[in-house]
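Quick note: the coordinates plus some simple rules give every number you see, no bench work behind them. Quick caveat, the model's predicted, so the values are computed rather than measured. All Cβ positions, even for glycine, are placed from backbone atoms using ideal geometry, and neighbour counts span all protein chains on display.
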Amino acid sequence: MKPVYIRLIWLPLILVTSCGPETVTVTRPRPVNYDGELTREWFTLMCTLVKETPGFYPPQAARAFGYTGVTLYESLVPGWPGAPTLAGQLEGLSPDMLPQADTTQPYHWGLVANAALADITRYMFEEQLSEEGSLTVNDLEAKWAESQWFTVDAEQAQASVDFGKAVARAIYQYSLTDGGHKSYQNPFQLPYTVPAHAGAWVPTGSALTPLAPRWAENRPFLAANATYAVPPDHPAFSTDTASVFYKEALRVYHTVKQASIEQKEIAWFWADDPFNTCTPTGHTFNIMTQLLEEHDANLAMSAVAYAKLAIAENDAFICCWKAKYDYFLIRPVSYIKAYIDPSFKTLIGTPPFPAYTSGHATEAAAGSRIFTAMFTDGDGYYPFTDRTQIRFGFSVRNYTNFNQMAEECANSRLYGGIHYDFDNTNGLKMGRAIGDNVNSLIDWPATY
Amino acid sequence: MRYGWLIFLMLTACGKTSPDHTLLLRDARLLATLQCEARALLETRISLANDIRFAEDSLLRTPADAAEKDRLKARLDTLRASIPDVSVRTRILADSISQTLARLHEARYPTAADRLRLDSTQLMLYQSVCPE
């Protein structure tokens with residue numbers, strides 16, 4: 001039997017705790033407990049800003065989307081048990097570059113994300129942002145801040161906003177050294193001397209030099225993408241009518257000449273809108289937004305989804321642009337006019353950069369791998385209706401599989417007459433490799 | 001799609017139309033009408049984009065004929081000057097369609113199956129609302 005004094009040792013403790021303020025166990029809300037709608041609105045706005053801001057061509061747009069997705073994810077990591085930081089996983093991003101969260105502070109993660117997205121959007125467009133664009137950013141930030149501010153006390157709200165802004169600032173600082181900073185001011189990276197060799201790209205429109213010839217010098221988010229996502233050599237350039245190259249060009253010619261109504265519709269659909277496109281990356285982000293909306297995704301799931309796609313799209317354009325300028329291949333329209341039919345006209349406009357590989361194919365395939373990992377059990381099967389273009393007069397397009405969607409996007413460039421088939425098939429392979437790298441080489445949260 | 005309208009008539013003729021079905025038809029007709037308007041504007045933009053690139057192409061290939069170059073440049077300037085107007089009209093209509101679609105989805109078509117039903121009815125009505 002224990003002595004009495006030992007038994008009584010608990011008494012003061014009981015007395016002290018029973019006389020204090022009521023003890024309540026507080027479970028702090030995590031990003032998974034917040035609605036993801038605000039992220040969808042920010043990425044929708046991003047599409048509008050890309051359309052309306054001068055200098056945002058496909059590579060520049062992919063970069064802007066890229067850092068925005070990374071910022072969103074990283075801003076939520078401290079409140080998300082088990083969520084690995086991207087610091088140490090992305091090239092050039094180390095933990096000391098990121099602000100430390102106050103572990104005693106119960107942040108409101110909706111406010112954190114909103115502030116982070118608002119500021120990184122400003123940083124990505126900077127002085128290029130029009131007055132109207134700037135007001136739109138302010139309005140969206142205010143809308144979400146106001147709707148969430150009074151759900152917590154003022155100190156907590158302010159700390160949340162401050163932390164979100166600090167993460168945006170840190171990621172912006174990180175972006176300054178990637179080689180693409182302010183590239184919108186000189187998107188064609190002039191001066192540039194156009195190489196001249198047999199089979200070399202020549203101007204196809206008003207742009208006499210190609211877009212972003214040194215984009216491949218930019219730092220990718222994943223080094224493995226630059227190392228491994230490289231295409232095989234394309235068929236050797238030749239004007240011999242018996243050559244593979246000639247036959248591939250002839251295939252483009254016949255495809256355009258005999259295009260069905262459906263093929264024309266597909267070409268236009270994936271070319272997005274003349275004067276109103278937010279680039280292929282924007283289209284893929286719009287699809288992601290639609291998928292997240294259909295899943296009523298919470299803040300955590302939205303952050304993982306957008307970050308994965310952001311990294312994949314940024315790297316897809318770096319890798320694709322490397323191939324484009326390593327090979328510097330003539331576009332089908334130039335070849336066909338020179339060697340097959342001088343009166344040839346493509347269905348859609350040929351963009352001002354070399355052919356091999358297709359940017360659309362590369363980025364769509366990268367996106368399809370992210371969609372597959374996020375929304376399927378790995379087989380890519382997902383009955384999906386792309387409604388992103390209804391507002392521009394297109395009908396919806398239906399797919400049963402994300403891979404099918406990426407392949408249609410790639411083929412659309414053949415139907416439009418602006419890519420050889422091998423540009424598309426090898427672009428798809430590169431994109432799939434990039435998407436797979438993002439899914440597997442980065443440590444992502446197990447649950448969201 | 002040739003028989004879409006016929007199938008639609010058969011469906012609507014079979015018995016009393018439920019309130020849900022009436023709403024579906026009304027919503028789909030609204031979207032089809034907006035899509036028709038958007039399609040007309042899209043064709044204007046495609047045509048303008050083609051005119052611009054063909055004019056650019058001609059300019060690139062024009063021999064050293066100063067008068068012809070000036071004529072082509074003037075034509076290009078005129079074409080390019082019309083881009084802002086068509087872009088603004090596009091944006092206003094696109095925003096209206098986005099908002100309408102989001103409102104309808106949220107209010108009456110929350111599931112994927114509901115939305116597919118709306119899509120297919122809209123497509124069916126599009127043929128009558130927007131004849132080629």
All-pairs Cα distance distribution in region A:325-390, expressed in whole percent, bin size 5 Å: 3, 13, 14, 17, 14, 10, 13, 10, 4, 2
Taking every residue in B:83-92, how many Cβ atoms of other protein chains lie within 10 Å of its Cβ, on average? 3
P(r) tail fraction, region A:185-323 - alpha-carbon pairs more than 24 Å apart, %: 55
Between A:T425, A:T177, A:T53, which gets the highest mean-square fluctuation from a Gaussian network model of chain A, Cα cutoff 10 Å? A:T177
Sequence-distant residues sharing a close amide H with A:R397 (under 5 Å, placed H): A:D386
Peptide-level mean, for A:396-408, of C-beta atoms on other protein chains within 10 Å: 1
So, with +1 on the Cβ of K and R and -1 on the Cβ of D and E, and no other charges, what is the size of the charge dipole of chain A about its Cα centre, to the nearest 20 debye? 760
Taking alpha-carbon centroids only, region A:227-242 lies from region A:53-118 a number of Å equal to 39
So what does the Cα-only Debye profile of region B:10-132 read at q = 0.20 Å⁻¹, as log10 I(q)/I(0), no solvent term? -1.08
Using alpha-carbon positions, what is the distance between the centroids of region A:393-420 and region A:272-296, in Å? 14
Which of A:P58, A:P187, A:P342 moves most in a GNM of chain A, Cα contacts under 10 Å? A:P342
Rounded to whole Å, give me the distance from the Cα center of region B:21-100 to that of region A:432-448. 40
Can you tell me the convex hull volume per residue for region B:62-122, based on C-alpha atoms, in Å³ to the nearest whole number? 117
So what's the back-of-envelope 222 nm ellipticity for chain A, counting only DSSP H runs of four-plus at -39500 (n - 2.57) apiece and dividing by all residues, rounded to 500? -18000 deg cm²/dmol
For region A:339-448, take the alpha-carbon Rg, divide it by the Kirkwood Rh, and send me Rg/Rh. 1.05
Which of A:D233, A:D272, A:D386 ends up with the largest GNM mean-square fluctuation for chain A, with Cα atoms connected below 10 Å? A:D233
Between A:S130 and A:K257, what length comes free when the chain is fully extended (0.36 nm per residue of separation minus the Cα-Cα distance, one decimal in nm)? 41.5 nm
Which value in Å is the Kirkwood Rh of region B:28-87 over different Cα pairs? 13.2
Lysines with Cα under 29 Å of A:K324, excluding same-chain neighbours fewer than 8 positions away: A:K51, A:K182, A:K247, A:K257, A:K264, A:K308, A:K337, A:K345, A:K429
Candidates per chymotrypsin sites (Phe, Trp or Tyr not before Pro) in region A:122-151, loop by DSSP, up to 16 other Cβ within 10 Å: A:F150
In Hz, Karplus ³J(HN,Hα) per residue of region A:67-84 (6.51, -1.76, 1.60; θ = phi - 60°; x = Gly, Pro): 5, 5, x, 5, 4, 4, 4, 5, 5, 9, 3, x, x, 10, x, x, 8, x
For B:111-118, mean number of other protein chain Cβ atoms within 10 Å: 2
With x for Gly and Pro, the residue-by-residue ³J(HN,Hα) of region A:224-233, computed from phi through the Karplus equation 6.51 cos²θ - 1.76 cosθ + 1.60 at θ = phi - 60° and given in whole Hz, is 4, 5, 5, 7, 9, 8, 10, x, x, 4
Find, among the chymotrypsin sites (Phe, Trp or Tyr not before Pro) in region A:156-199, those assigned to loop by DSSP (not H, G, I, E, B) with at most 16 other beta-carbon atoms within 10 angstrom. A:Y192
Averaging the inverse of every distinct alpha carbon separation and then flipping it gives the Kirkwood radius. What is it for region A:31-170, in angstrom units? 15.4
Across the alpha-carbon set of chain A, Rg over Rh with Rh taken as the Kirkwood radius works out to 1.09
